Amino acid sequence: MTIGLVFLAGCTGIKTVSTGLENESFLEFVGDPGSYSGGVDVKIDDKTSFRAEVNKNHADRPKGTVYKIPTGAHLIAVSYKNNVIFRKKIFISSQETKKIMLP
């Protein structure tokens, strides 16, 4: 009887699940939130645009709102009240959070 149970338990096989990291990364906009009332306007690659919240700087890890973008090279332009305050081409890796430091 014991031999039959060992045999049945051995027949279930091994099931594995393989998952990779999502092909996404994140932006965090850092500065003095009081200087950017209502947030900043962000444009990525002169295509996608959205309004972003500005977070206080926390050196150890993101503490505020982060924004998901695809990995790779991107041109990031940030403006406040129609004035461009940041414009730079960046490269961002999978699962990386890039801090955009605002003046």
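The values are calculated or read from the model by the stated rules, or taken from the named source; none is laboratory data. Since this is a predicted model, take the numbers as computed values, not measurements. Every residue, glycine as well, gets a Cβ built from its backbone with ideal geometry; the counts of neighbours run over all protein chains shown.
Computed values, structure above
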{"quantity": "Count - residues of region 66-77 that are assigned to a loop (DSSP other than H, G, I, E, B) and either touching a Leu at 6+ places or on another chain (Cβ under 7 Å) or surrounded by fewer than 13 Cβ atoms within 10 Å (Cβ to Cβ) (or both)", "calculated": "1"}
{"quantity": "Residues (at pLDDT below 95, under 19 Å from the mean Cα position of the chain (by Cα) and not in a strand (DSSP E or B)) located in region 94-103", "calculated": "Ser94, Gln95, Glu96"}
{"quantity": "Residue match in region 27-34 (condition: outside any loop (DSSP other than H, G, I, E, B), modelled with pLDDT under 95, surrounded by fewer than 14 Cβ atoms within 10 Å (Cβ to Cβ) and not hydrophobic (A, V, I, L, M, F, W, C))", "calculated": "yes"}
{"quantity": "Failed item in (1) surrounded by 10 or more Cβ atoms within 10 Å (Cβ to Cβ); (2) modelled with pLDDT of 70 or more; (3) assigned to a loop (DSSP other than H, G, I, E, B), with Asp46 passing the rest", "calculated": "(1)"}
{"quantity": "Selected residue (criterion: surrounded by the fewest Cβ atoms within 10 Å (Cβ to Cβ)) from residues of region 91-103 that are in contact with a Lys or Arg (Cβ under 9 Å, 6 or more places away or on another chain) and under 26 Å from Gly34 (Cα atoms)", "calculated": "Thr97"}
{"quantity": "Filter result for Lys63 (modelled with pLDDT of 95 or more and either surrounded by fewer than 14 Cβ atoms within 10 Å (Cβ to Cβ) or not in a helix (DSSP H, G or I) (or both))", "calculated": "no"}
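Listed here are the residues, each with its yes/no results for (1) under 16 Å from Pro103 (Cα atoms); (2) surrounded by 14 or more Cβ atoms within 10 Å (Cβ to Cβ); (3) modelled with pLDDT of 95 or more.
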| residue | (1), (2), (3) |
| --- | --- |
| Met1 | no, no, no |
| Lys15 | no, no, no |
| Val42 | yes, yes, yes |
| Asn55 | yes, yes, no |
| Ser79 | yes, yes, yes |
| Arg87 | yes, no, yes |
